[in-house]
Amino acid sequence: MSDFLAAAVQLTSTSDPESNFTAAEEQIELAARRGAELVGLPENFAFMGDDAARLDLAPALAEQSSRFLVTMARRYQVVILGGGFPVPTGDGSHTLNRAELVGRDGQLLARYDKIHLFDVDLPDGITYRESTTVTPGRELPPVVDVPGLCKVGVSICYDVRFPELYRHLIGAGAEVLMIPAAFTAYTGKDHWQVLLQARAIENTAFVVAPAQTGIHYGRRQTHGHAMVIDPWGTVLADAGGVPGAAIAPVDTGHLQHIRGQMPSLQHRQPALF
């Protein structure tokens, strides 16, 4: 059993990586000063810009992002998730969207390449085709037993709409589901919180959901509201619409108590499906 503070960081990332890293470190430092031991950065924390610029910067960004996470973990003695940054695939026209979980000592604990890509036509007239320049990952998301904290399951943004992914994470022992995102403003106002709460409730797990917020470039606007949610579905912290962090306790004893009260995971009938 453990009880610690988790921080879901909220940023307004731009097309300037250096300013993004500076903004991210400010929030990491503030979270660490408040006692957070597990810190999540949102999807696209290192870069939010057009596809051409992302592809051009990807080789450098991949290296810079990984190095940044190692430096932050060691400097502030936190376990940190970088919720998604571009990694070149080698074909010059696609990247992976990769999250990395790094331990306090700077060791890589887990790596995950986003498997569900956001290809949608929204009613507000904006079309997203992530698959045009992003290659989907081909490996299931990992669950990591972080010593002294908990078992962490990793996912990215659009994954939140696919409950089977979280069933996999729970089946692998996850107690905390990390869902870093850059959720669109249009879908976020109706879907973000309810999806996060659903994933928490149906899996009786904590959810730590870092987020992007505000206007980034062109018409790209994100919803914000980074959250920490408990296994009952209660929102413990909400970062609102400005850069900052949602910080709240993760108590695995509380998690076991709720799983005892509401043992729905034990009542599944997988043989019938």
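Please list, ordered by first then second residue, the pairs with beta carbon atoms under 9 Å, 6 or more apart or interchain, first in segment 180-198 and farther than 20 Å from Ala46 by Cα, second modelled with pLDDT under 95 and crowded, with 18+ Cβ neighbours inside 10 Å.
Tyr186/Gln221
For segment 224-252, give me each residue that is farther than 22 Å from Thr187 by Cβ and either of a type in the set (Ser, Thr, Tyr) or in contact with a strand residue (DSSP E or B) (Cβ under 7 Å, 6 or more places away or on another chain) (or both).
Those that are farther than 22 Å from Thr187 by Cβ and either of a type in the set (Ser, Thr, Tyr) or in contact with a strand residue (DSSP E or B) (Cβ under 7 Å, 6 or more places away or on another chain) (or both): Asp230, Pro231, Thr234, Leu236, Ala245, Ile247, Ala248, Pro249, Val250, Asp251, Thr252.
Counting only residues that are outside any loop (DSSP other than H, G, I, E, B) and touching a Phe, Trp or Tyr at 6+ places or on another chain (Cβ under 6 Å), which one in segment 99-129 is modelled with the highest pLDDT?
My answer is Ala99.
Considering Ala60, Ala32, Ala52, Ala8, which residue is crowded, with 24+ Cβ neighbours inside 10 Å and not basic (Lys, Arg)?
Every option except Ala8 fails the conditions.
Give the residues of segment 145-181 that are part of a loop (DSSP other than H, G, I, E, B) and among the acidic types (Asp, Glu), sorted by residue number.
Glu175
Residues of segment 182-215 being in a strand (DSSP E or B) and either closer than 18 Å to Val143 by Cα or basic (Lys, Arg) (or both), which ones?
Result: Phe206, Val207, Val208, Ala209.
Name the single residue, out of those in segment 68-98 being on the phi > 0 side of the Ramachandran plot and modelled with pLDDT of 95 or more, that is surrounded by the most Cβ atoms within 10 Å (Cβ to Cβ).
Gly84
Confirm whether Ser15 is over 16 Å from Pro180 (Cα atoms), of a type in the set (Ser, Thr, Tyr) and either part of a helix (DSSP H, G or I) or in contact (Cβ under 8 Å) with a residue 12 or more places away in the chain (or both).
Here the answer is yes, as Ser15 does meet what is asked.
Under 7 Å by Cβ, and 6 or more places apart or on different chains, what pairs join a residue from segment 135-156 that is closer than 11 Å to Lys114 by Cβ with one that is of a type in the set (Asp, Glu) and in a loop (DSSP other than H, G, I, E, B)?
Ile156/Glu43
Scan segment 224-259 for residues that are under 16 Å from Cys150 (Cα atoms) and in a strand (DSSP E or B) and report the count.
6
Within segment 18-46, which residues are within 15 Å of the chain's Cα centre (by Cα) and part of a loop (DSSP other than H, G, I, E, B)?
Within segment 18-46, Pro42, Glu43, Asn44, Phe45, Ala46 meet the criteria.
Please specify each residue of segment 171-199 satisfying the condition of being surrounded by fewer than 21 Cβ atoms within 10 Å (Cβ to Cβ) and over 19 Å from Val120 (Cα atoms).
Across segment 171-199, the qualifying residues are Gly171, Ala172, Gly173, Gln193, Val194, Gln197, Ala198.
Given the structure, is Val134 within 22 Å of Ala36 (Cβ to Cβ), surrounded by 19 or more Cβ atoms within 10 Å (Cβ to Cβ) and more than 15 Å from the chain's Cα centre (by Cα)?
When the stated conditions are applied, Val134 does not pass them.
The values are calculated or read from the model by the stated rules, or taken from the named source; none is laboratory data. Small disclaimer: the values here were computed from a predicted structure and weren't measured. Cβ coordinates were reconstructed from backbone atoms using ideal geometry, including for glycine residues, and neighbour counts include every protein chain displayed.
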